[in-house]
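Notes to accompany the following structure.
The values are calculated or read from the model by the stated rules, or taken from the named source; none is laboratory data. These numbers come from a predicted model, not from an experiment. Methodologically, a virtual Cβ is constructed for each residue, glycine included, from the backbone with ideal geometry; neighbour enumeration extends over all protein chains shown.
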Amino acid sequence: MIATIHSIADVWDAYRLELDGIDDRVRKNLDSSVTLVNTVAAHILNSGGKRIRPLLLMLSARLCGYTGWEHHQLGSLIEFIHTATLLHDDVVDDADIRRGRRSARKVWGNQISILVGDYLYSKAMCQVVEFRSQGINEVLAEACKKMAEGEVLQLYYNGNPAMPEIDYIKIVEHKTAGLIAASCRMGAILANASEAQQDALFRFGQNLGIAFQVADDTLDYTANGTNLGKTLGQDLRQGKATLPLLHLLHHCSETDRQMIKDRMETRTLTEQDLARLIHLMEDYGSIAYALNRASTYVAAAKRDLSLFEDSTAKRALSVAADYMVTRDR
């Protein structure tokens with residue numbers, strides 16, 4: 001029987017037991033003999049993340065006919081790797097807030113945050129080999145390599161408003177879309193899906209991951225700051241030129257362009273600056289441009305689902321794809 005799935009709330013409800021199983025594995029895998037490791041990791045793991053990557057892994061496996069439960073363990077390891085990237089990113093970005101709470105680096109310092117991130121990476125890699133799947137090992141290793149490359153490329157362009165849009169997309173593909181695409185392919189691998197199905201789900205995840213990050217970068221200028229869990233305009237304060245800002249820089253006046261460049265170089269942005277920036281983005285259609293680009297990637301992702309027969313999992317993946325652009329946090 002195919003369940004009725006119209007909204008992301010329906011997805012959470014339909015797969016609540018599955019997601020609870022993944023959360024249970026996350027807690028059980030957090031078993032370091034060094035208590036501080038568990039405390040720091042739990043600080044962010046329990047801070048309200050949506051578990052998007054484990055959800056997509058599980059749905060991809062179910063879409064391909066998987067009936068087992070190993071995705072609980074594999075999903076928990078994906079969440080460990082994602083959490084490691086957040087711990088490291090907050091150090092690189094000097095971030096004070098993560099998901100509405102003080103970041104781990106603000107509570108315990110940069111050194112602890114980096115080392116706990118390293119632990120989570122190592123823990124995930126040690127346990128993923130227990131699946132004895134060369135395919136899973138290769139996909140996950142490649143995703144981790146790409147994430148590191150994406151972070152380096154982003155740092156290379158930090159403070160540089162002249163970054164080409166194609167390189168912005170490359171950063172997003174590596175930093176965000178890589179692990180999401182890997183999650184979808186690993187779900188298919190668990191189900192012993194065909195190579196064509198694995199490839200389709202990888203492309204689905206990659207396009208979805210790009211849409212997710214483009215929408216997230218746009219929310220940095222449009223969302224409710226409290227719901228977003230961070231201060232609006234934070235990307236520019238950190239010297240990051242994301243898609244709506246790149247679009248604005250190509251269309252605004254030279255005076256405004258110089259103002260934006262100055263704020264990126266000095267890492268400063270007053271509330272008045274932010275209000276003016278948002279007003280300019282609305283006037284020049286930068287917000288609409290970025291969201292339209294995100295929607296284009298969602299549409300491309302959903303086309304790859306046409307390979308699969310109708311099912312609850314397929315409908316859930318389609319709804320999850322739309323949610324990447326329509327969410328408000």
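A Cβ distance below 6 Å, combined with a sequence gap of six or more or placement on separate chains, defines the contacts here; from the stretch 147-166, residues that are at positive phi reach residues that are part of a loop (DSSP other than H, G, I, E, B) in the pairs GLY159/GLY239. Scan the stretch 199-246 for residues that are at pLDDT below 95 and of a type in the set (Phe, Trp, Tyr) and report the count. Of the residues in that region, 1 qualify. Of the residues examined, THR296 is not one that is out of contact with any Phe, Trp or Tyr (no Cβ under 6 Å at 6 or more places or on another chain) and not in a helix (DSSP H, G or I). The residues of the stretch 249-285 that are touching a residue at least 12 places away in the same chain (Cβ under 8 Å), part of a helix (DSSP H, G or I) and hydroxyl-bearing (Ser, Thr, Tyr) amount to a single one, TYR284. Restricting attention to the stretch 302-329, the residues that are free of Cβ contacts under 8 Å to residues at least 12 places away in the same chain and of a type outside the set (Gly, Ala, Ser) add up to 3. Regarding ALA61, is this residue of a type in the set (A, V, I, L, M, F, W, C), modelled with pLDDT of 95 or more and over 24 Å from ARG99 (Cβ atoms)? Yes; evaluated as a whole, the condition is true for this residue. Annotation note: Cβ proximity below 7 Å between a residue of the stretch 47-70 that is at negative phi and a residue that is β-branched (Val, Ile, Thr) (sequence gap 6+ or interchain) occurs for ARG53/ILE78; ARG53/ILE180; PRO54/ILE22; PRO54/ILE78; LEU56/ILE180; LEU57/ILE78. Candidates in the stretch 82-111 are the residues that are of a type in the set (Gly, Ala, Ser) and outside any loop (DSSP other than H, G, I, E, B); of these, the one that is nearest to the chain's Cα centre (by Cα) is ALA84.
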